[in-house]
Each structure stands twice: as C-alpha cells, then as structure tokens.
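Any read-out appearing in this document is the output of simple, stated calculations on the displayed coordinates, not a laboratory observation. These figures come from a predicted structure and were not determined experimentally. Backbone-built Cβ (ideal geometry, glycine too); neighbour counts: all protein chains shown.
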C-alpha cells in the first residue's frame, strides 16, 4: 500500500516500493491516477528484476497505456517473466 515512506523508498531505488508506487499510480490509490507515472515506476522496478513489474510494463507496452504502443517492447518485458515460469 502506498504512503510517503513507500515513495521515499521507491526514490531510493527499492524495487518493491517502486512496484507499489507504480500500482498506486496505475489504480489511482492515494495519488492521482497516471498511467505515465505508473509506467515510469514499473520500468524502474522491472529493470531490477521485479517479475510483476516486468509483466505490468509489458502489458502497458502491449496495449499502449501510458507509453507508446510497442509489441517489441512488450515482448522484451514478457520474456523474462516467461523464463521465470510466471503466467
């Protein structure tokens, strides 16, 4: 769940906090909904190997939510998720 400590941890590079902040922006929970901000934080978390963030940023690229639609980028993020065995 999002709170100010979560934001601070996210800004300090904590991948789990970055994912939680992305979720907050995606859903508009505790912050104004922003798919662009969600994509930013999902990307930072995903780049550190957070599986759920990798899935979510892949989904956003696939559907063009908050980012320019790119199937190539979607696949780039879906591959590590599939390799880990997550569906």
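What is the helix-to-structure angle for 15-27, meaning the angle in degrees between its Cα long axis and the longest Cα principal axis of the chain, kept from 0 to 90 and rounded to the nearest 10?
The two axes meet at around 90 degrees.
Pull out a ≥ b ≥ c, the square roots of the eigenvalues of the alpha-carbon gyration tensor of region 4-83, then state rounded if a/c is under 1.5, prolate if not and a/b is larger than b/c, and oblate in the remaining case.
Verdict is oblate for region 4-83.
What's the angle, to the nearest 10 degrees (0 to 90), between helix 71-83's Cα axis and the longest principal axis of the chain?
Computed tilt is about 90 degrees.
Quick one: if the Förster radius is 35 Å, what FRET efficiency do residue 70 and residue 32 give, using the C-beta to C-beta distance and rounding to 0.05?
0.90
What angle do you read, to the nearest 10 degrees and between 0 and 90, between the alpha-carbon axis of helix 35-47 and the longest principal axis of the chain?
It is inclined by approximately 70 degrees.
Relative contact order for the chain: what is it in percent, counting Cα pairs under 8 Å that are at least 6 residues apart? Mind showing how you got there, number by number?
Values: 132 pairs, mean separation 17.1, N = 87.
Relative contact order comes out at 20 percent.
For the chain, what is the mean residue ellipticity at 222 nm derived from helices alone (per DSSP H run of n ≥ 4: -39500 (n - 2.57); sum divided by total residues; nearest 500 deg cm²/dmol)?
Here the helix-only value at 222 nm equals -21500 deg cm²/dmol.
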